[in-house]
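To start, the structure under review is shown below, and the notes come after it.
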Amino acid sequence: MKKGIGTRCVQAGYTPGNGEPRQIPIIQSTTFKYDTSEDMGKLFDLEASGYFYTRLQNPTNDYVAAKIADLEGGTAAMLTSSGQAANFYAVFNIASCGDHVVSSSSIYGGTYNLFAVTMKRMGIDFTFVSPDCSEEELEAAFRPNTKAVFGETIANPALTVLDIEKFAKAAHAHGVPLIVDNTFATPINCRPFEWGADIVTHSTTKYMDGHAAGVGGCIVDSGRFNWAANDKFPGLTTPDESYHGITYTEKFGLEGAFITKCTAQLMRDFGSIQSPQNAFYLNLGLESLHVRVKRHCENALAVAKYLAGNDKVAWVTYPGLEGDKYYDVARKYMPGGTCGVVSFGVKGGRAAAEKFMAGLRVAAIETHVADARTCCLHPASATHRQMNDAELAAAGVSPDLVRFSCGLEDAADLIADIENALANI
Ligand SMILES: *Cc1c(COP(=O)(O)O)cnc(C)c1O
C-alpha cells in the first residue's frame, strides 16, 4: 500500500542501507572518479547510469528530486537552481524557435517576463489567456505550432485558481502537454497529475524550503504523456546527434524521456544546477512540509476571515474563504486547503496602504512569500513603485493591494498585528 503523504514527506527518496547515514549525505563534490576511461565513456554515451560532473547530476540532488517526484506522483524529477530555471527548462525542453505556447495570463511576474520578453527573443511565441476563459476562447488560442499549455495551480500574486481539467483537456485535444506550476498549492494540497497535468514545476524557494534559506526549483514528469503520438516533439522522438544518436523516448521510455533530455541537454548547456548544500536544506524543509502547510493555511483562513469582517478593509481575496470567486474551484482541486497568502485592499488607497505597512510589527516587509515568518508587501510602493495608478490597473495590481503571507506564528498574534496596523491609518 502506498504510504501517506506525511510519511513520504519525511522518508521518500532516500533509504539508507545498513550502517549508512540516516540523513541524506551532502555530496559536496564537483566530480566523480572512475577506474577506466571505458567506464566513464559509458556514462557520456548514456549507456550506463552514474555520476560524472555535478553540473549535470549529483546524488544529493537526486535523492531530494526523488522525494518530490514521489509526493507529486510522478516518475522522474530534477532539481534546478531556481523556480525561474525550472519553468524555463520545462518549456524550452519541448519548444524551440518558431514554436508557440498557450499560457494562463495569471502567472508569477517573473514567469510572465521570462515568457513574454526573454523567450520571445528566443523565437518562441506565447498567447496569454485568462484562467477564466471559456473552452471556446481557450480553443482559439491554439496554433498548428503550439507545443505546450502552461498555468499555475494558485497564481502568485493574483490568487486565481486554475481549472486544471479544462486546461488539460484542451492541451490533450491538441496533442500537447499541460505544464502546471504547483508552487503555491504544494503537493500537500494539490497533485495536478491526478487532474490531467503532464509536467509539474516548483519554485522550491517557497513552501518546500519554507524557511527563506535557499533559492531552488524542481521539474517533475508524470510519465504519462505520449510524446510519440504525433510529430510535434522530434527532440524526444528522433535521434539526438549531440548524444551519439540516442532517441530519448526509445531509450528511457515515457517515464524517463523528458527529464533525461532536460538533464542531458539543458543542464549540460545552461548549467542551472542547485548546489548539493541547498538541496540538503530543501530536504529539511520537505520533511515538515505536510505539518507546515496545514498551519500556513489555518493562519491564512483566520486572517482572511478577520479582514473580511473589518470595515477598514475594502476587499479580501483568498481562495479558501467562502464567497471568494475561486472558492468552488479551490474546493474541487484543493479540498484540504489552498495556501498561506492572502491579498486585500485597505480603504483609502495607496496612502492608507503605506500607513498600514508602517504599523506592522510581527509581519516583516519583504519581497517574499511562503516563509515560516509572516511577510507582507505593498506592491504599489515597492515592486511596482515606478507605475502610476493607470499602469498598476493594467498590471492587475490595485494601489491599495497588500499581499500578506501568513507564516507559522500564532494566528492571534497575526490578527493583533493587523488590527494595530489598521488602527494606524
Ligand atoms: C517565486 C515563484 C517562481 C520563481 O521562483 P524563484 O525560485 O524565485 O526563481 C515561479 N513561480 C511561482 C509561482 C513563484 O511563486
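Summary table below
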| quantity | calculated |
| --- | --- |
| The stretch 399-425 residues that are modelled with pLDDT of 95 or more, paired with ones that are open to solvent by 50 Å² or more (accessible area, probe 1.4 Å) and hydrophobic (A, V, I, L, M, F, W, C) (beta carbon under 8 Å, 6 or more apart) | Glu409/Val362; Asp413/Val362; Leu414/Val362; Ala416/Val362; Asp417/Val362; Ala421/Ala358 |
| Members of the stretch 117-140 that are assigned to a loop (DSSP other than H, G, I, E, B) and either outside the structural domain of Ala95 (by TED's automatic domain parsing) or in contact with a strand residue (DSSP E or B) (Cβ under 8 Å, 6 or more places away or on another chain) (or both) | Ile124, Ser130, Pro131 |
| Selected residue (criterion: farthest from Phe225 (Cα to Cα)) from residues of the stretch 136-162 that are within 11 Å of the ligand (Cβ to nearest atom) and among the β-branched types (Val, Ile, Thr) | Ile154 |
| Inter-residue pairs, beta-carbon under 8 Å, first under 24 Å from Leu162 (Cβ atoms) and open to solvent by 10 Å² or more (accessible area, probe 1.4 Å) and in the stretch 298-322, second of a type in the set (Phe, Trp, Tyr) and modelled with pLDDT of 95 or more, 6+ apart | Leu301/Tyr318; Trp315/Phe344; Val316/Phe344; Thr317/Phe344; Gly320/Tyr327; Leu321/Tyr327 |
| Restricting the stretch 163-186 to residues that are of a type in the set (Gly, Ala, Ser) and either touching a Cys at 6+ places or on another chain (Cβ under 9 Å) or open to solvent by 10 Å² or more (accessible area, probe 1.4 Å) (or both), the residue that is nearest to the ligand (Cβ to nearest atom) | Ala185 |
| Members of the stretch 197-224 that are open to solvent by 20 Å² or more (accessible area, probe 1.4 Å) and either closer than 23 Å to Phe252 by Cβ or not assigned by TED's automatic domain parsing to the domain that holds Leu159 (or both) | Arg224 |
| Any hit, the stretch 20-41, residues being within 30 Å of Tyr112 (Cβ to Cβ) and of a type outside the set (S, T, N, Q) | no |
| Matching entry among Thr7, Thr80, Thr15, Thr36 (being touching a strand residue (DSSP E or B) at 6+ places or on another chain (Cβ under 8 Å) and of a type in the set (S, T, N, Q)) | Thr80 |
| Filter result (open to solvent by less than 10 Å² (accessible area, probe 1.4 Å) and over 20 Å from Asn156 (Cα atoms)) within the stretch 81-100 | Asn93, Ala95, His100 |
| Residue match in the stretch 251-266 (condition: modelled with pLDDT of 95 or more, of a type in the set (Lys, Arg) and open to solvent by less than 20 Å² (accessible area, probe 1.4 Å)) | yes |
| All positions within the stretch 187-232 that are at positive phi, in contact (Cβ under 8 Å) with a residue 40 or more places away in the chain and away from the ligand (no atom under 16 Å from the Cβ) | Gly223 |
| Test: Glu152 is within 30 Å of Glu287 (Cβ to Cβ) and charged (D, E, K, R) | yes |
| Criterion violated by Leu392 - all others in (1) touching a strand residue (DSSP E or B) at 6+ places or on another chain (Cβ under 9 Å); (2) over 21 Å from Ala158 (Cα atoms); (3) in a helix (DSSP H, G or I); (4) not small (Gly, Ala, Ser) satisfied | (2) |
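The values are calculated or read from the model by the stated rules, or taken from the named source; none is laboratory data. Predicted, not measured: the structure shown is a model, and the values here were computed from it. Please note: Cβ atoms are built from the backbone with ideal geometry, for glycine as well, and neighbour counts cover all protein chains shown. The protein model used for the area step is the full one, side chains on, heavy atoms only, and it has no ligands, DNA or RNA in it. Shrake-Rupley method; radii C 1.70, N 1.55, O 1.52, S 1.80 Å.
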